[in-house]
Amino acid sequence: MTRFKDKTVLITGAASGMGLSATRRFLDEGARVTMLDIDADALKQVASKFPQDCVLVQVGDTAHQETATNAVKATVERFGGLDVLINNAGIGSEGDIMQTSEADFDRVMAVNVSGYFHMAKAAMPELVKTRGAIVMTSSVSGLGGDWEMFAYNTSKGAVSNMVRAMALDAAKDGVRVNAVNPSFTRTGLTEDMLKDAELVAKFKERMPLGAPEDPDGVAAAMAFLASDDARLITGVNLPVDAGLGASNGQPPQ
């Protein structure tokens with residue numbers, strides 16, 4: 001399948017987890033990919049395994065506007081345009097409101113919300129030219145709450161509504177904006193959680209297809225939403241949650 005032949009995709013948080021899975025997926029489907037990440041060493045290592053004529057590496061913190069501007073500019077200079085933005089870079093945070101410091105809250109919002117704003121604003125003029133698409137990584141935590149994840153839940157709730165608002169405004173220019181909303185997924189952010197056998201078992205009880213999720217499955221959903229197969233879909237927060245939402249989080253009877 002080559003749905004993205006002659007297309008260019010910019011992926012943030014591309015050095016690991018769902019971003020790395022998305023990079024593989026889009027390359028497999030014929031795309032040229034700009035890989036953006038804050039971790040220069042990890043990015044260099046993983047990018048070296050891909051065809052160099054199809055990959056551009058960019059290092060930076062998406063919380064800063066200049067990172068977004070530079071990444072989009074470099075992408076257009078190298079590949080001639082931009083068709084898809086995968087807004088994926090994000091960080092986690094644990095604790096209720098009393099346990100969350102102002103510095104931690106500000107950092108989570110800077111990366112998970114402002115970072116998505118910076119990237120989308122920098123990319124939009126190019127996406128208008130190509131009538132392209134944006135796919136954001138939100139979370140089931142952006143559709144409902146979790147215990148003791150106050151800052152993260154707040155940030156993902158903002159992303160989920162950012163998608164809806166941006167989709168309405170961008171539709172007139174032919175740009176679609178959607179989100180994937182994963183649940184418990186095997187990534188670097190969940191390494192400690194995966195060590196907790198009791199916690200994993202609880203998730204499995206509530207997810208009909210089992211847990212934790214495979215990041216490649218999330219990448220497949222990203223590719224669908226970015227493709228022409230989803231040409232009539234915009235403003236959607238797509239749960240990629242192994243059926244968690246269908247059960248309302250309740251364990252089997």
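Please treat every number below as a calculation from the coordinates, not as lab data. As the structure is a prediction and not an experimental result, all values here were calculated from the model. With ideal geometry, Cβ positions are generated from the backbone for all residues, glycine too; neighbour counts draw on all protein chains shown.
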Open item on the list: Multiplying the sequence separation of Cys54 and Met1 by 0.36 nm and subtracting their Cα-Cα distance, what value in nm do you get?
Closed with: 17.4 nm
TODO: Using a cut-off of 12 Å between beta-carbons, work out the net charge of the residues near Lys73 (Lys and Arg +1, Asp and Glu -1, Lys73 not included).
DONE: -2
Open item on the list: If R₀ is 35 angstrom, what is the calculated FRET efficiency for the pair Asp28 and Asp61, using the beta carbon separation as r and rounding to 0.05?
Closed with: 0.80
- [ ] Between beta-carbons, use under 12 Å as the cut-off and find the net charge around Arg32, counting Lys and Arg +1, Asp and Glu -1.
- [x] -1
Task: Principal axis box of the chain, alpha-carbon based, largest edge first, Å - done: 53, 39, 39
Open item on the list: On C-alpha positions alone, give me the angle between the axis of helix 65-79 and the longest principal axis of the chain, in degrees, nearest 10.
Closed with: 50 degrees
Open item on the list: Please give me, ordered by residue number, the trypsin sites (Lys or Arg not before Pro) of the stretch 94-136 that lie in loop per DSSP and have at most 15 other Cβ atoms within 10 Å.
Closed with: Arg131
Open item on the list: To test your reading of the geometry: what angle, between 0 and 90 degrees and rounded to tens, separates the Cα axis of helix 115-130 from the longest principal axis of the chain?
Closed with: 40 degrees
- [ ] Give me the number: length gained by fully extending Glu148 to Asp41, i.e. 0.36 nm times residue separation minus the C-alpha to C-alpha distance, one decimal in nm.
- [x] 35.3 nm
Task: Rounded, prolate or oblate (a/c below 1.5 giving rounded, otherwise prolate when a/b exceeds b/c) for the stretch 69-180 by Cα gyration tensor - done: prolate
Open item on the list: Treating only the Cβ of Lys, Arg, Asp and Glu as charged (+1, +1, -1, -1), what charge dipole size does the chain show about its Cα centre? Round to the nearest 20 debye.
Closed with: 960 debye
Task: Angle between the chain longest axis and helix 150-170 axis [Cα atoms, degrees, rounded to 10] - done: 40 degrees
TODO: Pull out the extension gain between Arg164 and Glu102, defined as 0.36 nm times the separation in residues minus the alpha carbon to alpha carbon distance; nm, one decimal.
DONE: 19.6 nm
Task: Debye, to nearest 20: dipole size of the stretch 1-69, +1 on Lys, Arg Cβ, -1 on Asp, Glu Cβ - done: 360 debye
Task: Local electrostatic count, Gln45, Cβ distance below 12 Å [Lys/Arg +1, Asp/Glu -1] - done: -1
- [ ] Please report, in debye to the nearest 20, how large the charge dipole of the stretch 41-129 is about its Cα centre when each Lys and Arg carries +1 at its beta carbon and each Asp and Glu carries -1 there.
- [x] 440 debye
- [ ] Give the shape of the stretch 1-151 as rounded, prolate or oblate, defined through the alpha-carbon gyration tensor: a ≥ b ≥ c are the square roots of its eigenvalues, a/c under 1.5 means rounded, and otherwise the shape is prolate if a/b is larger than b/c and oblate if not.
- [x] prolate
